[in-house]
Amino acid sequence: MLTKRQLQLLLFIDGHISKTSTAPSFEEMKMAVGLKSKSGIHRLISALEERGFVRRLPHRARALEVLKLPNSQSATSSSALSSSGKFNPSVVRGNFGNSGVNQHAKIDNINNTGNHSVAIPLYGRVAAGMPIEAVRDETAFIDVPHTMLGKGAHYALEVDGDSMSEAGIYDGDTAIIERCESAENGIIVVALIDESEVTLKRYRRKGESIALEPANQNYETRIFGPGRVTIQGKLSGLIRRYT
């Protein structure tokens, strides 16, 4: 079943593609359905993708394809609108063939041999050096082998810097991150500092203090007081390209 807002977004995307041959931007989608955040649009698109209504084309920005519309609906249909221009139906039926896939990763069959890839969000670059400003891109995705992922939600970050090189994490690697809000001492985590900086470091906690340790003797451990560090996830795997 689709919620009213999912249906509203689906019809808007279909209509925009029909008129312009391109998918709408996140800002346009936010305005169309009355949401304030891009994360809300991301959740709606993920839900539509899980139900087989849309498909995201990998490695391309603003690349959405409408695969189908609900029965009796079309991009120009007025039956779903009231006289005030707002959507009337609360739900419509859809295809739940992929209902077991979480909202952050979609399993895609590559062939009939049981091999799978998973498209997970690629949010940008994470510093394995001095922290950089947190950047979150809701439109980019990367395909990874499903065997690299556990049961939780995952995302990817490109490593920027060499402060974790002695842990085998190098500049240019793609870090696969499992979402979590806590971690044991010694685990390599993505840490958000003061709500503005993000870094990939080894996590140590003692009392109310948190230490973020590099794995390179040329960098110093940084120690933070209560409330300054938020864990965004823990390292699950690495992808490296050789040239």
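Answer yes or no: is there a residue in the range 41-56 that is surrounded by fewer than 19 Cβ atoms within 10 Å (Cβ to Cβ), in contact with a His (Cβ under 8 Å, 6 or more places away or on another chain) and modelled with pLDDT of 85 or more.
No, the range 41-56 contains no residue that is surrounded by fewer than 19 Cβ atoms within 10 Å (Cβ to Cβ), in contact with a His (Cβ under 8 Å, 6 or more places away or on another chain) and modelled with pLDDT of 85 or more.
Among the candidates Ile110, Ile120, which residue alone is at pLDDT 75 or above, under 30 Å from Ser25 (Cα atoms) and touching a His at 6+ places or on another chain (Cβ under 8 Å)? Can you show your working first?
Details: Ile110 fails: at pLDDT 75 or above.
Result: Ile120 is the single residue among Ile110, Ile120 that is at pLDDT 75 or above, under 30 Å from Ser25 (Cα atoms) and touching a His at 6+ places or on another chain (Cβ under 8 Å).
Name every residue in the range 1-39 that is surrounded by fewer than 17 Cβ atoms within 10 Å (Cβ to Cβ) and small (Gly, Ala, Ser), in order of residue number.
Ser18, Ser21, Ser25, Gly34, Ser37, Ser39
Name the strands (runs of 3 or more DSSP E) wholly within the range 147-230 that hold at least 1 residues that are surrounded by 13 or more Cβ atoms within 10 Å (Cβ to Cβ), at pLDDT 90 or above and of a type in the set (S, T, N, Q)? Outline the logic, then answer.
Details: elements: 154-160, 174-178, 188-193, 197-206, 209-213, 222-224.
Ranges flagged: 174-178, 197-206, 209-213.
Give the residue, chosen from Ser165, Ser236, that is small (Gly, Ala, Ser) and under 17 Å from the mean Cα position of the chain (by Cα).
Values: Ser165 fails: under 17 Å from the mean Cα position of the chain (by Cα).
Unique residue meeting the criteria: Ser236.
Considering only residues that are of a type outside the set (D, E, K, R) and either touching a residue at least 24 places away in the same chain (Cβ under 8 Å) or over 25 Å from Ile142 (Cβ atoms) (or both), which ones fall in the range 36-58? Steps first, answer last, please.
Within the range 36-58, the first condition is being of a type outside the set (D, E, K, R), and the residues that meet it are 37, 39-42, 44-48, 52-54, 57-58.
Within the range 36-58, Ser39, Ile41, His42, Leu44, Ile45, Ser46, Ala47, Leu48, Gly52, Phe53, Val54, Pro58 meet the criteria.
Here's the yes/no breakdown for (1) among the aromatic types (Phe, Trp, Tyr); (2) without any contact (Cβ under 8 Å) to a residue 12 or more places away in the chain; (3) farther than 18 Å from Met164 by Cβ:
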{"residue": "Val198", "(1), (2), (3)": "no, no, no"}
{"residue": "Tyr203", "(1), (2), (3)": "yes, no, no"}
{"residue": "Ser209", "(1), (2), (3)": "no, no, yes"}
{"residue": "Ala215", "(1), (2), (3)": "no, no, no"}
{"residue": "Gly225", "(1), (2), (3)": "no, no, yes"}
{"residue": "Gln232", "(1), (2), (3)": "no, no, no"}
{"residue": "Arg241", "(1), (2), (3)": "no, no, no"}
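The values are calculated or read from the model by the stated rules, or taken from the named source; none is laboratory data. Not measured: the values here are computed from a predicted model. Positions of Cβ are generated from backbone atoms using ideal geometry, with glycine treated the same way; all protein chains shown enter the neighbour counts.
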